[in-house]
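Participant: I have a structure here, written as structure tokens, and I will follow up with some questions on it.
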Amino acid sequence: MNHVLVTGGAGFIGANFIHYLLQAEPDAHVINLDALTYAGSLENLKDVADNPRYTFVQGDICDTEFAGELLKKYQVDTIVHFAAESHVDRSILGPRQFIETNIIGTFSLLEAARKFWLQEKSLSLENLRFHHVSTDEVFGSLAPGEPAWTEETSYAPNSPYAASKASSDHLVRSYGHTYGLPFTITNCSNNYGPYQFPEKLIPLIILNALDGKPLPVYGDGQQIRDWLHVEDHCEAIHLVLKKGSTGSTYNIGGENQPANLTIVETICEILDEISADPSYKPHKNLIEFVKDRPGHDRRYDMDTHKISSELGWRPHHTLTEGLLATVNWYLSHPEWVTAIRQKQEYKGWLDANYKSR
Ligand code: NAD
Ligand code: TYD
């Protein structure tokens, strides 16, 4: 792991991963390829911008030639592929970009790796790795009492986002099977933590609550997600890169499945305790049940025995402590929050998704 190309490193998990990797791998050079869409920001990497072991390149993963030039120029031996359109609600209102980025983008990157790694053969195969970061949403939705998903569970994606990620997983696997591309895939549950764009549930609720705005809960709020702190996810990916077996997939999850309403109420309780502003207490009075998401998955649950028994991974953050730390992070980064809130794109998204709900 000498020269690591991280795609989508200016987004939520990618930025956390770059911070993590620069510390965990003191000799590695990290090249961040990111298109800086609405979800990416160099603010997320401000503190590593001058690190001589970090290079930012603005570009699109759909451009195979450009990606190939980067692989060559930096003699990249490891690709960690995060870049994606990642928000289910956006995929419902506008699926095309998800097909472009998640499917064509992954295909384009695989082509670049195939040409540079497998055809030019300028690096030795056993030191190479294409790691694809995916989601538990490829498995669909669980009914009450159904067992958690394992790595053997058949894919049954329900949203355009999940279908585009499932498709990209299949492409990665096929490049391993057909061309011998050394790959690994991780399917992870819902992440939360620093730098998460406030369109996703947890940061949206924190910021709305601080402003005294309604806290939108879709449907009856009894949908269940498995929540994992982003640092635990980064640690798991790093472990898979170091010790995971090539050609394998690993499930990653937080071993906790509260209902969405419980998550929202917990954030309200945390803010009741720590917010200096008494105007909106109790914050739970701001909760508003709104029209459900079309095709809303009911329940997710990941069986993580494989990664724990093979690689010894387990999450370190509890949800209680992780949520408190996350609320504190948003409270202590007002400039980061203001910069996003001022963007027209963000205001436009809130109007599009919530105004007529
Ligand atoms: P994000 O939306 O916060 O960030 C995505 C990043 O990709 C942004 O920086 C964006 O600029 C970049 N990007 C988008 N299109 C690009 C393109 N064509 N070329 C180059 N860069 C591009 O996403 P995230 O939440 O950090 O998720 C990262 C990855 O992890 C995704 O693949 C997602 O499917 C997966 N994942 C996310 C979660 C979660 O809870 N957020 C859970 C499991 C898996
Ligand atoms: P989200 O953070 O968008 O992640 P995902 O859809 O990938 O799981 O949503 C998490 C859960 O919260 C999901 O069941 C939808 C729900 N949700 C709301 O109830 N209200 C909201 O405003 C948002 C954004 C999500």
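The values are calculated or read from the model by the stated rules, or taken from the named source; none is laboratory data. Fair warning: this is a prediction, and the values are worked out from it, not measured in the lab. Cβ atoms come from the backbone with ideal geometry, glycine included; neighbour counts cover every protein chain shown. For the accessible areas, the whole protein counts, side chains as well, though only heavy atoms, and no ligand, DNA or RNA atoms are used. Shrake-Rupley method; radii C 1.70, N 1.55, O 1.52, S 1.80 Å.
Participant: In this structure, is SER122 of a type in the set (S, T, N, Q) and not in a strand (DSSP E or B)?
Facilitator: On the way: of a type in the set (S, T, N, Q): yes; not in a strand (DSSP E or B): yes.
Yes: the conditions hold for SER122.
Participant: Pairs needed: first member in region 275-296, touching a residue at least 40 places away in the same chain (Cβ under 8 Å); second member anywhere, hydroxyl-bearing (Ser, Thr, Tyr) and near ligand 2 (Cβ under 10 Å from one of its atoms); C-beta distance under 7 Å; at least 6 residues apart or different chains.
Facilitator: From residues that are touching a residue at least 40 places away in the same chain (Cβ under 8 Å), the pairs are VAL290/TYR218; ASP292/TYR218; ARG293/TYR218; GLY295/SER159; HIS296/TYR218.
Participant: Quick check: anything in region 201-218 over 17 Å from the mean Cα position of the chain (by Cα), among the hydroxyl-bearing types (Ser, Thr, Tyr), in a strand (DSSP E or B) and surrounded by fewer than 22 Cβ atoms within 10 Å (Cβ to Cβ)?
Facilitator: So far as region 201-218 goes, yes, one or more of its residues are over 17 Å from the mean Cα position of the chain (by Cα), among the hydroxyl-bearing types (Ser, Thr, Tyr), in a strand (DSSP E or B) and surrounded by fewer than 22 Cβ atoms within 10 Å (Cβ to Cβ).
Participant: Could you go through region 155-164 and let me know if any residue there is open to solvent by 70 Å² or more (accessible area, probe 1.4 Å), modelled with pLDDT of 95 or more and either more than 21 Å from GLN223 (Cα to Cα) or among the polar types (S, T, N, Q) (or both). Break it down stepwise before answering.
Facilitator: Step one: filter region 155-164 for residues open to solvent by 70 Å² or more (accessible area, probe 1.4 Å), giving 158.
Filter once more, keeping what is modelled with pLDDT of 95 or more: 158.
If we keep only those that are either more than 21 Å from GLN223 (Cα to Cα) or among the polar types (S, T, N, Q) (or both) too, we end up with 158.
Yes, some residue in region 155-164 is open to solvent by 70 Å² or more (accessible area, probe 1.4 Å), modelled with pLDDT of 95 or more and either more than 21 Å from GLN223 (Cα to Cα) or among the polar types (S, T, N, Q) (or both).
Participant: Among the listed residues SER108, SER86, SER134, which satisfies the condition of being of a type in the set (S, T, N, Q), assigned to a loop (DSSP other than H, G, I, E, B) and near ligand 1 (Cβ under 10 Å from one of its atoms)?
Facilitator: On inspection, the qualifying residue turns out to be SER86.
Participant: Any idea which residue in region 243-256 is farthest from ligand 1 (Cβ to nearest atom), counting only those that are open to solvent by 60 Å² or more (accessible area, probe 1.4 Å) and not basic (Lys, Arg)?
Facilitator: My answer is THR246.
Participant: When only residues in region 288-316 that are under 24 Å from PRO144 (Cβ atoms) and aliphatic (A, V, I, L, M) count, which is farthest from ligand 1 (Cβ to nearest atom)?
Facilitator: Looking at the filtered set, the residue picked out is VAL290.
Participant: Please indicate, with yes or no, whether at least one residue in region 257-265 is open to solvent by 40 Å² or more (accessible area, probe 1.4 Å) and in contact with a helix residue (DSSP H, G or I) (Cβ under 7 Å, 6 or more places away or on another chain).
Facilitator: Step one: list which residues in region 257-265 are open to solvent by 40 Å² or more (accessible area, probe 1.4 Å), which gives 257, 262, 265.
Checking which are in contact with a helix residue (DSSP H, G or I) (Cβ under 7 Å, 6 or more places away or on another chain) leaves us with 265.
Yes, some residue in region 257-265 is open to solvent by 40 Å² or more (accessible area, probe 1.4 Å) and in contact with a helix residue (DSSP H, G or I) (Cβ under 7 Å, 6 or more places away or on another chain).
Participant: Among the residues of region 29-48 satisfying the criterion of being in contact (Cβ under 8 Å) with a residue 40 or more places away in the chain and small (Gly, Ala, Ser), which is farthest from ligand 2 (Cβ to nearest atom)?
Facilitator: ALA35
Participant: Any idea how many residues of region 274-306 are closer than 26 Å to ASP232 by Cα, near ligand 2 (Cβ under 10 Å from one of its atoms) and among the acidic types (Asp, Glu)?
Facilitator: Number satisfying all stated conditions: 1.
Participant: Restricting to region 49-94, and then to whatever is within 16 Å of ligand 2 (Cβ to nearest atom) and among the polar types (S, T, N, Q), can you tell me which residue is nearest to TYR195 (Cα to Cα)?
Facilitator: Ranking the qualifying residues of region 49-94, first place goes to SER86.
Participant: Here are VAL80, VAL88: which of them is more than 20 Å from THR249 (Cα to Cα) and open to solvent by less than 40 Å² (accessible area, probe 1.4 Å)?
Facilitator: VAL88
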